[in-house]
Amino acid sequence: MEHKLVDNTVLVRLDVGDEIHESIQQVAEHYNIKTAQVSGIGAIERITVGCYDPDSKEYHTIEYKECLEMTSMQGNISQNNGKHHGHFHITLSDPKGNVYGGHLVEAYTRLTCEIIIRILDTTVERQYDDFTGLMLWDLS
C-alpha cells in the first residue's frame, strides 16, 4: 500500500492482497483522520458483502471468491467509542456485466485499488440506535 496526503485528501493505492477495511483503518490512524468521505475503484477478490434485514436486525452475507471489478465504493470514516470506524458500500461487476452490491464486510485487492479519502474538519461519533439496531451518526 502507498498513500499520499494532498491538501485535505489522502490518495491511496492498494497492492495485491491488501484488505480494504484494514488498509483504510491504517491510513486513518496514520493521518489521525476523525471523519472523512471515502470512494474507490479496483479489482478485488475474496469478497463478502452484506444486506441488512431491519426485521431481524442482522446482516445477511454473500461471498464471492473470484476476481470482480469494484466499479464503485462509497462510504465514510467516523468514530465509534474513540476508534476509527469505516462504513462502505460497493458495487461489483463480473465479466458478463452482471452487477452486485451491498455493505462491504471484507475484500482483498486482486490487482490494485485506488481510494480517495477526503478529510472533513469535524468529528462524527456513532451511537447505537435501538429502533434500527445500527450504529448511526450522532450529529447533535
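The values are calculated or read from the model by the stated rules, or taken from the named source; none is laboratory data. None of these values were measured; they are calculated from a predicted model. When we count neighbours, we look across all protein chains shown, and the Cβ atoms used for this are built from the backbone with ideal geometry, even at glycine.
Restricting the search to region 12-25, which residues are among the hydrophobic types (A, V, I, L, M, F, W, C) and surrounded by 14 or more Cβ atoms within 10 Å (Cβ to Cβ)?
Hits for region 12-25 are Val12, Leu14, Ile20, Ile24.
Does any residue of region 66-83 turn out to be part of a strand (DSSP E or B), under 27 Å from Asp15 (Cβ atoms) and at pLDDT below 95?
So far as region 66-83 goes, yes, one or more of its residues are part of a strand (DSSP E or B), under 27 Å from Asp15 (Cβ atoms) and at pLDDT below 95.
Tally the residues that are in a loop (DSSP other than H, G, I, E, B) and either modelled with pLDDT under 95 or at negative phi (or both), restricting the search to region 2-43.
The number of residues fulfilling the criteria is 8.
Identify the single condition in (1) surrounded by 15 or more Cβ atoms within 10 Å (Cβ to Cβ); (2) touching a residue at least 60 places away in the same chain (Cβ under 8 Å) that Ile90 does not satisfy, given that it satisfies every other one.
(2) is the only condition that Ile90 fails.
Has region 110-120 got at least one residue that is more than 12 Å from the chain's Cα centre (by Cα), touching a residue at least 40 places away in the same chain (Cβ under 8 Å), surrounded by fewer than 13 Cβ atoms within 10 Å (Cβ to Cβ) and outside any strand (DSSP E or B)?
Scanning region 110-120, I find no residue that is more than 12 Å from the chain's Cα centre (by Cα), touching a residue at least 40 places away in the same chain (Cβ under 8 Å), surrounded by fewer than 13 Cβ atoms within 10 Å (Cβ to Cβ) and outside any strand (DSSP E or B), so the answer is no.
Quick check on my filter: what residues within region 32-59 are touching a His at 6+ places or on another chain (Cβ under 8 Å) and surrounded by fewer than 16 Cβ atoms within 10 Å (Cβ to Cβ)?
If the condition is that a residue be touching a His at 6+ places or on another chain (Cβ under 8 Å) and surrounded by fewer than 16 Cβ atoms within 10 Å (Cβ to Cβ), then Cys51, Tyr52, Asp53, Tyr59 are the ones that fit.
Would you say Ile62 is aliphatic (A, V, I, L, M), surrounded by fewer than 16 Cβ atoms within 10 Å (Cβ to Cβ) and either in a strand (DSSP E or B) or without any contact (Cβ under 8 Å) to a residue 60 or more places away in the chain (or both)?
In short, yes.
Look through Arg46, Arg110 and report the one residue that is in contact with a Gly (Cβ under 9 Å, 6 or more places away or on another chain), of a type in the set (Lys, Arg) and at pLDDT 95 or above.
On inspection, the qualifying residue turns out to be Arg110.
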